[in-house]
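**Student:** One structure coming up, written as structure tokens, with questions to follow.
What follows is calculated from the coordinates using simple rules that are stated; it is not laboratory data. Predicted model, so just to flag it, every value in this text is computed and none were measured.
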Amino acid sequence: KIMLAIYLAAPEVENIRRSLNTISGMRTAMKLGRHPNMAPYGYKNARDEANNPIIVPGNNAEMMIWAFEETAKGEHNIMDVYRMAKRRGIKVRKSQFWNLLRNPFYYGKIRIPAYKDEPEVIIDGVHQPLISEQLFEEVQYVLQGRKKARPVKNSLQPELPLRGFLQCKVCGGQITGSASKG
């Protein structure tokens with residue numbers, strides 16, 4: 001029985017050791033700015049001249065750039081942008097689309113998740129960014145609900161020429177006019 005326990009425990013110890021080595025290797029690669037997983041949507045996995053794995057913009061890169069630009073405008077909510085992207089040919093689910101728009105990979109960074117006593121960090125990646133950091137931040141602003149889609153109102157009416165120019169001295173709000181009925 002003791003020998004059976006040893007035979008059963010040895011492979012388990014080996015599996016744990018391999019798991020720890022794999023996690024360590026992937027975290028080391030990420031700390032060097034490489035992305036050891038499958039390329040995100042809009043990129044593709046490739047090889048450089050030395051046959052090392054790299055990530056380069058793929059066929060869907062233009063689609064992701066469009067999605068970021070359209071979201072940053074703030075004219076449509078995220079579901080409308082997703083539906084427009086689906087009509088243009090994007091092949092991801094709703095939750096994936098949301099996650100793609102929150103991924104710093106698209107502006108040249110790599111998120112290294114927290115592990116044990118190490119905190120989560122975002123570092124520079126070695127891949128080519130598709131968008132600017134400013135565009136990424138604008139999209140995050142929209143996704144957080146701070147930038148609302150607002151229709152443009154035509155406030156110019158000939159019978160109310162001062163509309164939009166007068167301010168209340170108490171609250172600072174704009175004073176408007178309206179027609180009276182009596």
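**Student:** Largest first and to the nearest Å, give the Cα extent of the chain along each principal axis.
**Tutor:** 102, 42, 28
**Student:** Something else now. State the Cα centre-to-centre distance between the stretch 36-97 and the stretch 1-24 in whole Å.
**Tutor:** Each part reduced to its Cα centre gives a spacing of 40 Å.
**Student:** Suppose only helical runs count, i.e. DSSP H with n ≥ 4. What mean residue ellipticity at 222 nm does that imply for the chain under -39500 (n - 2.57) per run, divided by all residues and rounded to the nearest 500 deg cm²/dmol?
**Tutor:** Working: 5 runs with 73 residues, N = 182.
Calculated at 222 nm, the ellipticity per residue is -13000 deg cm²/dmol.
**Student:** Over 28 Å between C-alpha atoms is what I'm after, so list which of LYS86/LYS109; LYS73/LYS94; LYS86/LYS116 land there. Provide the component values of the computation, followed by the final result.
**Tutor:** Details: LYS86/LYS109 26 Å; LYS73/LYS94 19 Å; LYS86/LYS116 39 Å.
Result: LYS86/LYS116 exceed 28 Å.
**Student:** Can you run phi through the Karplus equation (6.51, -1.76, 1.60; θ = phi - 60°) for the stretch 44-60 and list ³J(HN,Hα) in whole Hz, with x for Gly and Pro?
**Tutor:** Here the 3J(HN,Hα) series is 9, 7, 8, 10, 8, 4, 8, 6, 8, x, 9, 10, 10, x, x, 5, 9 Hz.
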